[in-house]
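Participant: The following block contains the structure, expressed as structure tokens.
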Amino acid sequence: MGTLAPVPGIRGRAAEIAVLGDAVDRVVSGRPAVVLIEGEAGIGKTRLLAGVLEDARGRGMQVAAARAEELERTRPFGLVAAAFGCVRSSPDPRRAAIAALLATRGGDRGPITVTSDPGLRFRAVDAFADLAEELALAGPLVIGVDDLQWADPSSLLTLAAVSRRLAYLPVALVGCLRPSPRIPELDRLAGLLLDAGGRILAVRGLTERAVAELVAEAVAAVPGPGLLAGISGAAGNPLFVTELLGALAQEGAIETAGGRAEVAEVTLPPTLRLTILRRLSFLSEDSLQALRAASILGSSFTVTELSATMARPALELSVVLAEGIAGRVLEEYGAVIRFRHDLIRDAIYEDLPLSVRRGLHREAGRRLARTGAPALQVAEQLARGAGQGDAEAIGWLTRAAREAAARSPDVAADLLERAAGLMAPADPGRDRLLAERASSLMVSGRNADALAACRSLLDRDLDPQVDGPVRICLGRALLAQGQVRDALRELEQAGSSPALPGAERAAAWAWAGFARMSLGDLDGAAASAEQARSAAAAAADHLTVSVAMTTLARVSESRGHLRDALQITDEAMHLADESPGRLGHRYPIRATRGHILIELGRPEEARSALGAGMRISEEIGVRWPLLLYQGFLALERFITGEWDDAIAELEASFELADEIQTVVARAHGILSLISLHRNDLSRAEEAADAAARDLARWGPGYLTTWAAWPRALIQEAGGELGQALATMTGAWDTCARLGLALDYPAVGADLVRLALASGDIGRARDASAAVTEVAARNEVPWMTGAALRCRGLIEDDAEILQAAAGACAGGSRPLGLALACEDAGAAFARQGRLDRARPLLDQALGIYERLGAARDLARAEATLREAGIRRGRRGTRGRPQTGWASLTPAEHAVAGLVAEGLSNPQIGERLYISRRTVQTHLAHMFAKLDIATRAQLAADVTRHRGSEPADTADSAGG
Amino acid sequence: MGQVEIRIILDRAEPPAGRLRAGPDPGDCHAGQDEEIRFTGWLGLLRALYEVTGGPGAGSVPVP
């Protein structure tokens, strides 16, 4: 067919090729690069991608490449698995392990579902990101992904995770996409890549000159004006040009004489599709039949699949397909055969009448089912051929959805929606499927869609057995969005339904307890959690037991009974250890335990508990608990004076919160406090605003203090003393009303200070008494110090304040110690006892310097000056802002492990921090050291090794 | 080949389906009988046209 030269080379794309060449150059120099090639179908994106991949291979780089397919949009991780060659038979154990993970099934218990394994999806995402990172650590890597508009949501999520992880590695990500269709996940990925410095390469039609060159090469002659005029109707689309030339050549319309090619007349079909069909019409009928059947299977297919679909021997088909390959309709691509372009497949497919297409799909689905093809493939075929009420298609779609659920809940949700769409509205099973869909949407993080799905179901008169689970799903989706009151209403309504089975009722009560805890209703939370614990234990629902007991521990902790709280977590941990498959640990008990240990002044144990919990969350792939762990690790770093490391944890948690669209009020509060102490008032205000925004949806409750405390201190810094006191008393009174006694020792001294400054001695005394009571109950040094400080401030008693400093010195909270020392020093100075004042103020100054607490430092220095005291020996200055000496202890540790060649997950495991936090440390180090690659960082480590070590002993401990 | 009158009767427009009827030019006294070919799709229509006109796609098309 045709008398044209082989497929012509790329023409008129010098600028685009240069951009792609630059990307490869960047990777060669150890830096990352991202290019998204965007343009209409047939414009030449795939050729450009192929060119850059060939260039990369030619330079000895690793290449991972694949093309997404329209009919495989429901295959979870299909694109990335193909790109990285993750098949069970892979000789690389990492790739084989990922393939095994993707094929995970529950053995005899049937497929794993979103309920049984909510984290499989993110485990798979992390496994791909780990693999990409390991490959990139070994050498430059180019990832090429074509037709992103057809990619499945899980693959898009993976590419986003990979791009974040690889920010400092020699990796290029080159993706091709059409302007439409665009699913939200693709928009999110594109936005993320562009925000991270990626660029869009918009590919437009070829210039007239480039078209002329293309035609000249194809016809092996100088094209005449008639030929060029006719071809100009292709608007510079290279596929259109070559297809048109092919059709003309087959018709014998091109005459070549004297090195010049010309046509008498070009009758240009109105569309590219008709041009393609015009060319294909010269194929044999046998070939056309095979191509029609193949178009039913999608853009690519195996001979075996086609053989099953057509019920023809594979050998016979191979001969028929050879004609399509010779005619540039098909091409071989590894083990599959694919249409040379999606548009060629589409032209053939759309040329079949709708009724024929549906019949062929149905037949293909049935035949593929008989050969044991994957449920997704069968379901896709049957669904495309299905009419209303087609039980066979509904059954396969449901089966495929359940198989896909754990790996890709979005895909499951879409398949279930299609299944439900085929069911009659009165079908009793329809609501169950829609309830299952809502649950998949919730697990996939599509909270708004989940809410809409639940509400649409609840608008109807639901079967009581469906109503309960839908309300629980709605409640949890509302919780995830921070709409705690609405969530509570739904959860309690579900819990009161007599039709709900025991385990589900227990879950409803447990989550209702969680909601009440978030609202600060400690009594209500305890009651719901107790109810949930009994019911869950009876139903052997180990996960719900953990949820309930953790809430009970949080209630005790919030009331200021730390040892009782710790004991509850001991028991919960024991039960979780004993639960089958350690299922109870899927709920983050260790986060609460870590927080209790922080408050008990046992930071090392807290870090250990939080680190271990974080590992589990990463392993099971459930993300929201990571936010808790990161938040508490940040709190621990803040409290123990490692503020830069606290900020690294906070930034990692903000990124994750943004990704899973949830709120992190405490984290914003910590950042606000650090910024305030460091005299960065604008950042402090921004963070306080963010904390307030996060809390606004909840109303006054559990975390009120974390928005109000920094706000009050900012107001004090701005000279608004009355306002500051009002803010603080407002939060204090909320805590008092709710019984949140644990907050008293943390904020009591600041309230006492503000109250005394405003002349409200009664308020100061009440606060002091409350702090003293909590401190006496717990006997923790920092709380004792806080109670003494409150008393000392009220009585203006320097000795008591010094005793406060002494108590604080027995703990691990340098800021609290410094503040007590400063108060005691100032009190002695006011009494004229400068010999007692000086060492205390010096100690405070030293700590402030090490913390970088510029605001406190300035205030303490002013006190010193006013008292006429000359400062004694200066302590170690704070870290510089840039250069090797600016690195924090955690950054030094990360840098050392980077130099040893460890990947981010390996570093995270060694240091008990999350992979994201490792990434944040790297970002900070790269900025401080003005470098761009891990290799440069490793070189810096080597250079500094053996020389004077940076001062890593300057942790701001008292 | 003498002049031929071709009529296309469409049952449906997109993709096209129907019958293609080719008859002798009414002025050609040596002409034979009408020929009718059913087709579906543009591909079917094109191939039906080749069939009645003896165009390049008619019958078994050799692959160069």
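The values are calculated or read from the model by the stated rules, or taken from the named source; none is laboratory data. Source: prediction; values computed, not measured. Methodologically, a virtual Cβ is constructed for each residue, glycine included, from the backbone with ideal geometry; neighbour enumeration extends over all protein chains shown. Side chains included, ligands, DNA and RNA excluded: accessible areas come from the protein's heavy atoms. Shrake-Rupley method; radii C 1.70, N 1.55, O 1.52, S 1.80 Å.
Participant: Could you tell me which residue out of A:ILE800, A:THR371, A:SER558 lies farthest along the dipole of chain A toward its positive end? Charges go on the beta carbon: Lys and Arg +1, Asp and Glu -1, centred on the Cα centre.
Facilitator: Among A:ILE800, A:THR371, A:SER558, the one farthest towards the positive end of the dipole of chain A is A:ILE800.
Participant: In square angstrom, rounded to the nearest 10, how much accessible surface does A:ASP523 have for a 1.4 Å probe?
Facilitator: Per-residue accessible area (A:ASP523): approximately 110 Å².
Participant: Of all DSSP beta bridges located in chain A, what percent are antiparallel, nearest 5?
Facilitator: On the way: 10 of 33 bridges.
Approximately 30 percent, going by the DSSP bridge assignments.
Participant: Looking at the calculated P(r) for the protein assembly as shown, what percent of the C-alpha pair distances fall above 56 Å? Mind dumping the intermediate values first?
Facilitator: Numbers: 149254 of 521731 pairs.
When every Cα pair of the protein assembly as shown is considered, 29 percent fall beyond 56 Å.
Participant: Still on this model: Could you rank A:THR256, A:THR46 by how accessible they are, 1.4 Å probe, largest area first?
Facilitator: Details: A:THR256 85, A:THR46 55 Å².
From most exposed to least exposed: A:THR256, A:THR46.
Participant: For a quick check: with amide H placed at 1.01 Å from N, whose amide H comes under 5 Å from A:ALA64's, ignoring anything fewer than 5 positions away on the same chain?
Facilitator: Amide H to amide H, under 5 Å and 5 or more residues apart or across chains, A:ALA64 pairs with A:VAL142, A:ILE143, A:GLY144.
Participant: Using only Cα atoms, what is the ratio of the radius of gyration of segment A:1-104 to 2.2 N^0.38 Å? Don't skip to the answer; put the middle values down first.
Facilitator: Details: Rg = 16.9 Å, N = 104, 2.2 N^0.38 = 12.8 Å.
Ratio of Cα Rg to 2.2 N^0.38 Å: 1.31.
Participant: Let me ask something additional. Tell me, what are the semi-axes, in whole angstrom and largest first, of the equivalent ellipsoid of segment A:481-606 as set by the roots of 5 times the Cα gyration tensor eigenvalues?
Facilitator: Numbers: eigenvalues 114, 62, 23 Å².
One finds semi-axes of 24, 18, 11 Å for segment A:481-606.
Participant: What percent does the relative contact order of chain A come to when contacts are Cα pairs within less than 8 Å and at least six residues apart? Don't skip to the end; give the middle numbers.
Facilitator: On the way: 1701 pairs, mean separation 77.7, N = 958.
Computed over chain A, the figure is 8 percent.
Participant: I've got another one for you. What order do B:GLU5, A:GLU380, A:GLU900, A:GLU331 take when sorted by accessible area (1.4 Å probe), most exposed first? Don't skip to the end; give the middle numbers.
Facilitator: Details: B:GLU5 80, A:GLU380 10, A:GLU900 115, A:GLU331 55 Å².
Order by accessible area, largest first: A:GLU900, B:GLU5, A:GLU331, A:GLU380.
Participant: Calculate, in whole percent, how much of the Cα-Cα pair population of segment A:385-451 lies beyond 13 Å.
Facilitator: Summing the P(r) of segment A:385-451 above 13 Å gives 57 percent of all pairs.
Participant: Compare the Cα positions of A:ILE254, A:LEU478, A:GLY42 along the charge dipole of the protein assembly as shown (+1 at Cβ of Lys, Arg; -1 at Cβ of Asp, Glu; about the Cα centre) and return the one farthest towards the positive end.
Facilitator: Looking along the dipole axis, the top candidate is A:LEU478.
Participant: Around B:GLU5, which amide H atoms from residues at least 5 apart in sequence, or from another chain, sit under 5 Å from its own amide H, with H modelled in the peptide plane?
Facilitator: Answer set, sorted by chain and number: B:GLY23, B:ASP25.
Participant: For segment A:684-740 and segment A:454-477, what is the centre-to-centre distance using only Cα atoms, to the nearest Å?
Facilitator: 36 Å
Participant: Need one number for segment A:690-809: average projected area of the convex hull over its C-alpha atoms, nm².
Facilitator: Values: hull surface 29.5 nm².
Spelled out: convex hull of the Cα atoms, projected over all directions, averaged, 7.4 nm².
Participant: If one computes P(r) from the Cα atoms of segment A:612-743, what percent of pairs lie at distances over 22 Å?
Facilitator: Values: 3203 of 8646 pairs.
I get 37 percent for the Cα pairs in segment A:612-743 exceeding 22 Å.
Participant: Turning to a different aspect of this structure: Before we go on, tell me the buried accessible area for the B/A pair, both chains summed, 1.4 Å probe, in Å² to the nearest 100.
Facilitator: Working: alone 4680 and 36880 Å², together 40030 Å².
Rounded to the nearest hundred, the buried surface is 1500 Å².
Participant: Another one. For peptide A:351-363, what's the mean number of Cβ atoms from other chains within 10 Å of each residue's Cβ? The partial results should precede the final answer.
Facilitator: Values: counts 9, 5, 9, 2, 1, 4, 0, 0, 0, 0, 0, 0, 0.
Mean partner-chain Cβ count within 10 Å for A:351-363: 2.
Participant: Something else: Ordering A:TRP624, A:TRP732 by how much accessible area each has at a 1.4 Å probe, largest first, what is the list?
Facilitator: Working: A:TRP624 85, A:TRP732 20 Å².
Result of the area sort, largest leading: A:TRP624, A:TRP732.
Participant: Using bins 5 angstrom wide from zero, how does P(r) for segment A:574-645 break down, in % of all Cα pairs?
Facilitator: 3, 19, 27, 23, 16, 8, 3, 1, 0
Participant: Using a 1.4 angstrom probe and counting only protein chains, how large is the accessible area of A:ASP796 in Å², to 10?
Facilitator: 80 Å²
Participant: Could you give the Stokes-Einstein D for segment A:329-386 in µm² per second, using the C-alpha Kirkwood radius, 37 °C, 0.692 mPa s?
Facilitator: Translational diffusion coefficient: 264 µm²/s.
Participant: Multiply the residue gap between A:ALA220 and A:SER180 by 0.36 nm, knock off their C-alpha separation, and tell me the result in nm, one decimal place.
Facilitator: Stretched fully, the A:ALA220-A:SER180 segment lengthens by 10.8 nm.
Participant: With +1 on each Lys and Arg Cβ and -1 on each Asp and Glu Cβ, and nothing else charged, work out how big the dipole of chain A is about its Cα centre, in Debye to the nearest 20.
Facilitator: Computed charge dipole of chain A: roughly 600 debye.
Participant: Computed FRET efficiency, Cβ-Cβ of A:ALA100 and A:GLU619, R0 22 Å: what is it to the nearest 0.05? Could you put the intermediate results ahead of the total?
Facilitator: On the way: r = 15 Å, r/R0 = 0.70.
For R0 = 22 Å, the calculated efficiency reads 0.90.
Participant: Sticking with this structure for a sec: I want the local charge near A:ILE761. Using Cβ-Cβ distances under 14 Å, sum +1 for each Lys or Arg and -1 for each Asp or Glu among the other residues.
Facilitator: Values: positive: A:ARG753, A:ARG763, A:ARG765, A:ARG791; negative: A:ASP760, A:ASP766, A:GLU795, A:ASP796.
Net charge in that neighbourhood comes out at 0.
Participant: Could you state the orientation-averaged shadow area of the convex hull built on the Cα atoms of segment A:288-392, in nm² to one decimal? Each step should come with its number before you reach the end.
Facilitator: Values: hull surface 25.8 nm².
Orientation-averaged projected area of the Cα hull: 6.4 nm².
Participant: In addition: Let me cross-check A:GLU40: its accessible surface, 1.4 Å probe, with only protein heavy atoms counted, in Å² to the nearest 10?
Facilitator: Roughly 100 Å² of A:GLU40 is accessible to a 1.4 Å probe.
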